[in-house]
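Please treat every number below as a calculation from the coordinates, not as lab data. What you see is a predicted model; the values in this text were computed from it and never measured. As a convention, Cβ positions derive from the backbone with ideal geometry for all residues, glycine included, and neighbour counts pool all protein chains shown.
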């Protein structure tokens, strides 16, 4: 058993810090990742996690924040936070492929050229599994089209001011015009809803893989809205 890099506690804070600051980067050194080919992340998370934690530690539970009577299991929470950071973290060494928990290691070129997109720090630094917020969609006037799909970024924020979130992430990022917000929708479990929208769009072949970040899709506002309606029914 390898020594833990931080002191073990059956808490959300331990699970989040262990996943984000230690486990994620060790995963990038595993054989499945080093091939550069797509692989399923969860089994590798479990294998690496077992080098540090006993079965008893992984099975311990702690009270879920702001949810009376609900508990989170340590092992499940670590897997959740690791997958979350692998998918959306600025420092993630992986590309999420949008289906069945599949990922691949970023190439040296992707790591060098990838734009440093802002993350919603209010969410990323809050060790909760569920929270409410806004799904938003925006584009730029120069790439907007009529009656055909065009590049749209679909993201989330927990802030009340969607404009501040959207304009803030575009400021200083090399864009020569202001973004146009196409829509915003207030939802519960905002991270899970965003993941579901992204997964459907990727399954439909809409992901714009050569765009900065992993949240741009060649789609339409109607398609995004229809997916959101389906998820919420």
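Taken as Cα centroids, the stretch 18-73 and the stretch 181-232 sit 26 Å apart, rounded to the nearest whole angstrom. When you restrict to C-alpha pairs under 8 Å that are six or more residues apart and normalise by the size of the chain, the relative contact order lands at 18 percent. Taken over the stretch 49-101, the alpha-carbon convex hull comes to 122 cubic angstrom per residue. Ranked by how many other Cβ atoms sit within 10 Å of their own Cβ, fewest first, the residues 177, 9 fall in the order 177, 9.
Taking the convex hull of the Cα atoms, report for the chain its projected area averaged over all directions, in nm². If you can, show how the numbers build up before the last one.
On the way: hull surface 54.4 nm².
The directionally averaged projection comes out at 13.6 nm².
Across 86, 145, 137, mean-square fluctuation computed from a Gaussian network of the chain (C-alpha pairs under 10 Å connected) peaks at 145.
Result for the chain in a Gaussian network model with C-alpha springs under 10 Å: among 55, 30, 223, the largest mean-square fluctuation is at 55. GNM remark for the chain: springs join alpha carbons under 10 Å apart, and the peak mean-square fluctuation among 94, 39, 81 falls on 39.
How high is the relative contact order of the stretch 12-111, in percent, with contacts defined as C-alpha pairs under 8 Å that are six or more residues apart? Provide the component values of the computation, followed by the final result.
Working: 124 pairs, mean separation 35.7, N = 100.
Rounded, it is 36 percent for the stretch 12-111.
From least to most packed, judged by other beta carbons within 10 angstrom and beginning with the fewest, 170, 15 follow the order 170, 15.
At a temperature of 25 °C and a viscosity of 0.890 mPa s, determine how fast the stretch 31-77 diffuses translationally according to Stokes-Einstein, using the Kirkwood radius over alpha-carbon pairs as Rh; express D in µm²/s, rounded to the nearest whole number. Intermediate results must be reported in sequence, preceding the final value.
Working: Rh = 12.5 Å.
After rounding, the answer is 196 µm²/s.
A P(r) calculated from all alpha carbon pairs of the stretch 155-233, with 10 Å bins opening at zero, reads 16, 48, 33, 3 percent.
For the stretch 12-111, the fraction of C-alpha pairs more than 17 angstrom apart is 50%.
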